[in-house]
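Remarks on the structure that follows.
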Amino acid sequence: MRRDIFQAIADPTRRAIIALIALQAMTPNAIAEHFDTSRQAVSKHLRVLTECELVKQTQQGREIYYELEISKMKEIDKWLNQFRKIWEERFDNLDKYLAKIQKERKHGKS
């Protein structure tokens, strides 16, 4: 079964892993040190993230490093951007409405 990126980021542990490796590539052991869970559980999360192509593996000597796949993160951002525009418009409308209420209250008290 092919997972999608939104299933991957739905889990808080996977989001935390993404945040960790966004700063620098890390080995599974280095990632696991940041969590109160087994190394196997972290490996399962890494497997999901890899299947969704949110992270990629790089071999350096005997170590495998996981790093963030920026292009997939851009795909998430692109999807969210359509909603960001709606939210910003609603916040602008709310700001205008609150300013109108404040103005009416000022003039009503004078």
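The values are calculated or read from the model by the stated rules, or taken from the named source; none is laboratory data. For clarity, every value in this text was computed on a predicted model and none was experimentally measured. Note that each Cβ is placed from the backbone with ideal geometry, even for glycine, and that neighbours are counted across all protein chains shown.
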Which ones in the stretch 54-110 are outside any helix (DSSP H, G or I), among the polar types (S, T, N, Q) and either modelled with pLDDT of 90 or more or surrounded by 10 or more Cβ atoms within 10 Å (Cβ to Cβ) (or both)? GLN57, THR58, GLN59, GLN60
Has the stretch 43-51 got at least one residue that is in a strand (DSSP E or B) and either surrounded by 16 or more Cβ atoms within 10 Å (Cβ to Cβ) or under 15 Å from the mean Cα position of the chain (by Cα) (or both)? no
Flagged in the stretch 5-38 as loosely packed, with under 13 Cβ neighbours inside 10 Å and over 14 Å from the mean Cα position of the chain (by Cα), in numbering order, are GLN24, ASN29, GLU33, ASP36, THR37, SER38
List, please: which pairs have Cβ atoms under 7 Å, are six or more places apart or on different chains, and start with a residue in the stretch 39-62 that is assigned by TED's automatic domain parsing to the domain that holds ALA22 and without any contact (Cβ under 8 Å) to a residue 12 or more places away in the chain and end with one that is assigned to a strand (DSSP E or B) and surrounded by fewer than 16 Cβ atoms within 10 Å (Cβ to Cβ)? GLN57/ILE64
